[in-house]
Structure formats: structure tokens, C-alpha cells
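Engineer: What follows is a single structure, and I will ask about it in a moment.
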Amino acid sequence: EDTVYGILPYIAPEVLHGKPYTKADIYSIRPKIIEGTMSKYVELMKRCWDNNLQKRPTANTLKKIYYKWNEEYLFEEIKKREYLFRVINII
């Protein structure tokens with residue numbers, strides 16, 4: 001079928017050019033970027049919205065990125081707590 005249904009800003013560009021939807025297309029998830037959002041989140045969001053399908057991360061790639069960010073966050077939290085523990089023990 002050659003008919004495309006949906007709201008135009010949320011339809012991936014390749015679909016408008018007659019190509020099929022991808023299995024886990026992230027393109028249609030377009031939240032507003034809130035002022036003060038960390039730059040790495042903004043960059044990733046913009047990658048997800050790229051007109052070129054090949055430049056958009058897959059769901060699998062997003063999963064890996066989120067796991068990495070989570071590990072970095074946990075590592076930073078552990079460092080902060082260790083520092084506070086040392087400071088409290090000095091006092």
C-alpha cells in the first residue's frame with residue numbers, strides 16, 4: 001500500500017520518500033528540549049531526529065548509551081559519597 005498515515009512532523013522522512021518504516025524507529029519520539037538539558041542528551045535527541053535513517057541510533061545503540069551513562073552516574077555518586085564519608089570522618 002502506498003498510503004502514508006500519521007501526523008506529518010512525526011513521520012520519518014524515508015517513509016515520505018516511499019521507503020518502509022523501520023522496526024524500532026526513534027524518529028517519531030520528539031519531545032521539546034527543555035532549557036538546561038545536558039548537552040549530551042540534546043545531542044542524542046537530535047541524532048534520533050536526523051533526516052538520514054543511517055545516522056539515527058538504533059534502539060540497541062540507545063540501550064548501550066543509557067547503560068554507559070548509568071554506569072558513569074553511579075561511579076560519580078560513589079565518588080561523592082566516599083568523599084563525604086572521608087570529610088565526615090575527619091571532623
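Engineer: Given the structure, is residue 30 under 11 Å from the mean Cα position of the chain (by Cα), closer than 27 Å to residue 4 by Cα, at pLDDT 85 or above and surrounded by 11 or more Cβ atoms within 10 Å (Cβ to Cβ)?
Structural biologist: Criteria not met by residue 30.
Engineer: If you check residue 14 against the conditions, is it modelled with pLDDT of 80 or more and acidic (Asp, Glu)?
Structural biologist: When the stated conditions are applied, residue 14 does not pass them.
Engineer: Which condition does residue 41 not pass, out of (1) under 17 Å from residue 10 (Cα atoms); (2) surrounded by 10 or more Cβ atoms within 10 Å (Cβ to Cβ), if it passes all the others?
Structural biologist: (1)
Engineer: Take the conditions within 10 Å of the chain's Cα centre (by Cα) and either open to solvent by 90 Å² or more (accessible area, probe 1.4 Å) or aromatic (Phe, Trp, Tyr) (or both) and apply them to residue 71. Does it pass?
Structural biologist: Criteria not met by residue 71.
Engineer: Using beta carbons and a limit of 7 Å, which pairs, at least six apart or on different chains, have the first residue in region 56-71 and at positive phi and of a type in the set (S, T, N, Q) and the second one at pLDDT below 90 and loosely packed, with under 14 Cβ neighbours inside 10 Å?
Structural biologist: Partner pairs satisfying both residue conditions: none exist.
The values are calculated or read from the model by the stated rules, or taken from the named source; none is laboratory data. Just so you know, these numbers come straight off a predicted model, no measurement behind them. Because the Cβ atoms are built from the backbone with ideal geometry, glycine has one as well, and the counts that use them run over all protein chains shown. SASA here: full protein model, heavy atoms, side chains in, ligands and nucleic acids out. Shrake-Rupley method; radii C 1.70, N 1.55, O 1.52, S 1.80 Å.
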